[in-house]
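The values are calculated or read from the model by the stated rules, or taken from the named source; none is laboratory data. If you're wondering where the values come from, they're calculated on a predicted model, not measured in any experiment. No Cβ is skipped: glycine too gets one built from the backbone with ideal geometry, and neighbour counts run over all protein chains shown. Surface accessibility is based on the protein's heavy atoms, side chains included, excluding ligands, DNA and RNA. Shrake-Rupley method; radii C 1.70, N 1.55, O 1.52, S 1.80 Å.
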Amino acid sequence: CHIALMIVFNINKYLAGTIDVHKNSVKRIEPGNHTNIPPPESRIGPDGETGYIHNPKFLIENPKPFTIPDDERDAVCQPPGMGLELPEGYAALQKIRNHIETSQAKRDVKLFCAVYTFSLGVNHTNAASETWAKKCDGVLYASDNSNLETGHVHIPSNSRRGFGYKGMIQRTRTILAYLYDNFLDDYDFFHICGDDVFLIVENLKEFLASDMVQTYEDTPGQYVFAGFLMNHRFSPRDYLGGGSGYTMSRKMLKAFVEGPLQTCSTFDEGSAEDVMVSQCAEELNKKYWIDTRDSARAHRYHQMPVQRHATFPNRGWGLSTNIIRQSMEWANETFGFPPVYMDDYISNSSVVFHKISTAETRRHELLLYMNLTEVCGEVSTEEETSDTSAGGSEGDSDTSTGDGSEEQKDGIPAPAAETTPIPESVENTSAELCPEPDPSVEAAFPTGFPQNLTFGKFHGRESQSAQPFIGCDVWAELVDNRRSFFIRPMDAGYPTMEELRDWIRSRPHPITLVINNQHDLSWPADLNNKTDYELILNETNLHAVYAVNPRKLEDFPKLKPMPIGLKYNWRSILLYSEDKKWINDIASVQLATTPKEAEELFNLKNKTTTVWLRPFTNSNKHQKYVRDNDALKMMRGRICEVLNRTIPETGTTACPSPKTDLIQYYKDMRTHRFILSPAGGGLDTHGTWEALLSGCIAIVPRSPLDPMFEDLPVWLVDSWEEVTDEAVRRVEKEMMGKTYKWEKLFASWWKEEIHRGLCTIEA
């Protein structure tokens, strides 16, 4: 009778919502039964054994001693405040150290630290093992192999990107399933992060053991999911930033794996695993996150190194810190969380910093826990060191993704392992430092000169970036507004050539202009009005003009072509006026996202020796360029008449091909060796760049764009009559034997190109 009453009592509590089925209940998913996650036997141990499960206490049982490699000693052993942390960062770290040493708050929770890495990231994990990782109650280095010496564990996923950066969504899903299958009942909380963080374990445990967190955890329907809340112009939605990592309670991990992990984004590919986890966590609770600020409204989870947070906005660090600012402004508008900066931003009980080099990891350990003089000996304070000391360079290039690549996380479209990251300060062949502008000279021109650009909105919010791909408005992100400037003819505020000439002359150093009007118009617009362009192209202080669809001006070598890239705008010509996520999501799977992937697609053996005239929706009847050869003169609708006659064997049966959806279009394109890409309303076409990113040879009319296609597999023709069966086979053989500069297909290469030969600026 008593048992029956207890059963009824608990059933009533469950129906009333006061019992949470995910807390302290048996697991519902057996190993091997997760959706799109490899079975346990796919994990290979250090001795080749299958179904390997590592010992999570390996660092507790065999702690690694703290060491300083010779090549990092200069960076690690700088005087206080004179290393990479800068004086402001050192002051913040000292407050954190004082909190660690003096706080009496409880820290009685068991914490598991799960780190995604790669065999080439062993220097990062070694530094972590010698410092913060051995303070965790359990550790996982999820890697591409198992190694007892380094602690790496083979955790394969079903991602077709393997262990690369673009496989992060599937890698993270697999890590969460591994934690659930093997360690769920042994730990209270799980922190998931990359190998380029410094985790302050004492402070994280203190936060997780706090009454606030425990009360939140005990509330039915609420799950502790902790991190830094982000939403910015490059993100598709709000999310907890993966740069610093995020922390899940046992209850949250159990509910997530048994629910969303099996049904949400199960086959998605991409790098934004933090966005995926946050989006799927909403299936458990619309308010999926817990506020991690301290009582003074300072932040605990940090997406950047301490020196950036401690000096921004007094010191600009480029895109990354601006994203933090945008996220705080959004949180203020949405939840009333006031933005805070510098001293007010960094909590004394901070738990993690991101983008930390191996030298910075050891430097943080010294400044937070050790005596610098005892470890390093006497350090001189006579010689100042910059924040680009050897062994730990600081700029805005990130450290490790955990997959051996450079990373740009936090929901920003990022380059994969083989891609050179887009630097915020581009080093050029010239060592000269740019002189500072004269304020009195600047005052003679309107604020924002040469043009205050108008940025569009997509559904009331700024849209995403095209990077790593090239898009119509990516150029606004690539210029630095010191040496390079983006202007758009036909937009409000476009200056006259006289105004532009006077402004160019006033610059303290040579500059480059980047022009994309997004109307298919050539530049300059009127060849007959020479003064309209000679006024600036003859200026010695103008280094170059890069333009989409430039005219052919043989006497003006400063005018250079740049690509139109992929098509992102369908209804509007405003900057950032339409959503890019859906296209980038498709393109990141169907097209090359790195130079190495482009080369691999190009060398695929299953491509047929065929020429495909892709589908197109508009004609080139109303062209905006000079038609100076037969290929440019011919209307698009008549090209099939020629191809049916000249390539009866290598041509495709349907000409032109019927319209299809974007995914099928990309898939169809990859099957052909050649893609014929005639000019449309403008000289350059999106189809040319889609073809190259698909690993195809693009057949393109000769035009002023020819220099842009150097070192790329592009067949330039004066007439479509040149495309014969014999020529197709000959060109295929010639081009397949060459090497190409695949970097030119991505925004990062053009970032460097438009700054090449200019003076340098500090990050």
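Here region 95-144 is the region considered, the condition is being open to solvent by 60 Å² or more (accessible area, probe 1.4 Å) and of a type outside the set (D, E, K, R), and the residue that is modelled with the lowest pLDDT is Leu120.
The listed residues are Asp196, Asp186, Asp181, and the only one of them that is in contact (Cβ under 8 Å) with a residue 24 or more places away in the chain, open to solvent by 10 Å² or more (accessible area, probe 1.4 Å) and touching a strand residue (DSSP E or B) at 6+ places or on another chain (Cβ under 8 Å) turns out to be Asp186. Please work out which residue is farthest from Gly221 (Cα to Cα), limiting yourself to region 284-305 and to residues that are among the hydrophobic types (A, V, I, L, M, F, W, C) and open to solvent by less than 10 Å² (accessible area, probe 1.4 Å). Filtering first and then ranking leaves Met304.
Of the residues making up region 216-264, just one is polar (S, T, N, Q), assigned to a loop (DSSP other than H, G, I, E, B) and in contact with a His (Cβ under 7 Å, 6 or more places away or on another chain), namely Ser244. Can you confirm whether Arg756 is in contact with a strand residue (DSSP E or B) (Cβ under 8 Å, 6 or more places away or on another chain) and surrounded by fewer than 19 Cβ atoms within 10 Å (Cβ to Cβ)? Criteria not met by Arg756. Inclusion of Arg308 among residues that are farther than 22 Å from Thr102 by Cα, within 20 Å of the chain's Cα centre (by Cα), buried (at least 16 other Cβ atoms within 10 Å of the Cβ) and not aromatic (Phe, Trp, Tyr) is warranted. Looking across region 510-522, just one residue is under 26 Å from Pro437 (Cβ atoms) and surrounded by fewer than 20 Cβ atoms within 10 Å (Cβ to Cβ), and that is Pro510.
Would region 338-353 turn up any residue that is within 22 Å of the chain's Cα centre (by Cα) and touching a residue at least 24 places away in the same chain (Cβ under 8 Å)?
The answer is yes; a qualifying residue exists.
Sort through Pro56, Pro79, Pro87 and tell me the only one that's more than 32 Å from the chain's Cα centre (by Cα) and surrounded by fewer than 24 Cβ atoms within 10 Å (Cβ to Cβ). The unique qualifying residue is Pro79.
Out of curiosity, is Tyr666 closer than 23 Å to Gln467 by Cα, open to solvent by less than 60 Å² (accessible area, probe 1.4 Å), modelled with pLDDT under 90 and under 38 Å from the mean Cα position of the chain (by Cα)? Answer is yes for this residue. Among the residues making up region 540-569, those that are open to solvent by 20 Å² or more (accessible area, probe 1.4 Å), of a type outside the set (Ser, Thr, Tyr) and more than 31 Å from the chain's Cα centre (by Cα) are Asn541, Arg551, Lys552, Leu553, Glu554, Asp555, Phe556, Pro557, Lys558.
When the residues of region 645-662 are filtered to those that are over 12 Å from Arg614 (Cβ atoms) and in contact with a strand residue (DSSP E or B) (Cβ under 6 Å, 6 or more places away or on another chain), which remaining residue is modelled with the lowest pLDDT? Ranking the candidates gives Gly651 first. Taking the numbered list (1) within 30 Å of Arg627 (Cβ to Cβ); (2) open to solvent by 30 Å² or more (accessible area, probe 1.4 Å); (3) in a loop (DSSP other than H, G, I, E, B) in turn, Glu534 passes all entries but (3). Considering every residue within region 461-479, establish whether at least one is modelled with pLDDT under 85 and farther than 30 Å from Glu743 by Cα. Yes; the residues of region 461-479 include at least one that is modelled with pLDDT under 85 and farther than 30 Å from Glu743 by Cα. For region 471-507, residues that are part of a loop (DSSP other than H, G, I, E, B), open to solvent by less than 50 Å² (accessible area, probe 1.4 Å) and in contact (Cβ under 8 Å) with a residue 40 or more places away in the chain total 11. Within region 323-341, the set of residues being buried (at least 17 other Cβ atoms within 10 Å of the Cβ) and in a helix (DSSP H, G or I) comprises Ile323, Ile324, Gln326, Ser327, Met328, Trp330, Ala331.
Quick grid of which residues meet (1) assigned to a strand (DSSP E or B); (2) in contact with a Pro (Cβ under 7 Å, 6 or more places away or on another chain):
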site	(1), (2)
Gly637	no, no
Arg645	no, no
Glu649	no, no
Phe674	yes, no
Gly680	no, no
Val700	yes, no
Met708	no, yes
Leu712	no, no
Glu726	no, no
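Need a quick list: helices (runs of 4 or more DSSP H) entirely within region 26-118 having at least 3 residues that are over 29 Å from His152 (Cβ atoms).
Hits in region 26-118: 86-102.
Only residues that are farther than 19 Å from Asp343 by Cβ and at pLDDT 95 or above were counted in region 78-94, giving 0. The set of residues in region 358-372 being among the hydroxyl-bearing types (Ser, Thr, Tyr) and open to solvent by 10 Å² or more (accessible area, probe 1.4 Å) consists of Thr358, Tyr369.
For region 571-584, indicate whether the set of residues that are assigned to a strand (DSSP E or B), modelled with pLDDT under 90, hydrophobic (A, V, I, L, M, F, W, C) and surrounded by 20 or more Cβ atoms within 10 Å (Cβ to Cβ) is non-empty.
Taking every residue of region 571-584 in turn, at least one turns out to be assigned to a strand (DSSP E or B), modelled with pLDDT under 90, hydrophobic (A, V, I, L, M, F, W, C) and surrounded by 20 or more Cβ atoms within 10 Å (Cβ to Cβ).
When region 591-614 is filtered for residues that are open to solvent by less than 50 Å² (accessible area, probe 1.4 Å) and in a helix (DSSP H, G or I), the ones remaining, listed by number, are Pro595, Glu597, Ala598, Leu601, Phe602. Only residues that are of a type in the set (Asp, Glu), modelled with pLDDT of 60 or more and part of a loop (DSSP other than H, G, I, E, B) were counted across region 423-458, and they come to 3.
If the Cβ limit is 6 Å and pairs must be 6+ apart or interchain, which residue in region 277-292 that is among the small types (Gly, Ala, Ser) pairs with which residue that is assigned to a loop (DSSP other than H, G, I, E, B) and open to solvent by less than 50 Å² (accessible area, probe 1.4 Å)? Hits for this filter: Ala281/Tyr288.
The set of residues in region 528-546 that are among the aromatic types (Phe, Trp, Tyr) and touching a residue at least 60 places away in the same chain (Cβ under 8 Å) contains only Tyr546. When we screen Arg638, Arg645, Arg729, Arg673 for residues that are open to solvent by less than 60 Å² (accessible area, probe 1.4 Å) and of a type in the set (Lys, Arg), the only hit is Arg673.
Only residues that are surrounded by fewer than 20 Cβ atoms within 10 Å (Cβ to Cβ) and among the aromatic types (Phe, Trp, Tyr) were counted in region 225-283, giving 1.
Do we find a residue being surrounded by fewer than 20 Cβ atoms within 10 Å (Cβ to Cβ) and modelled with pLDDT of 95 or more anywhere in region 347-356? Yes: region 347-356 contains one or more residues that are surrounded by fewer than 20 Cβ atoms within 10 Å (Cβ to Cβ) and modelled with pLDDT of 95 or more.
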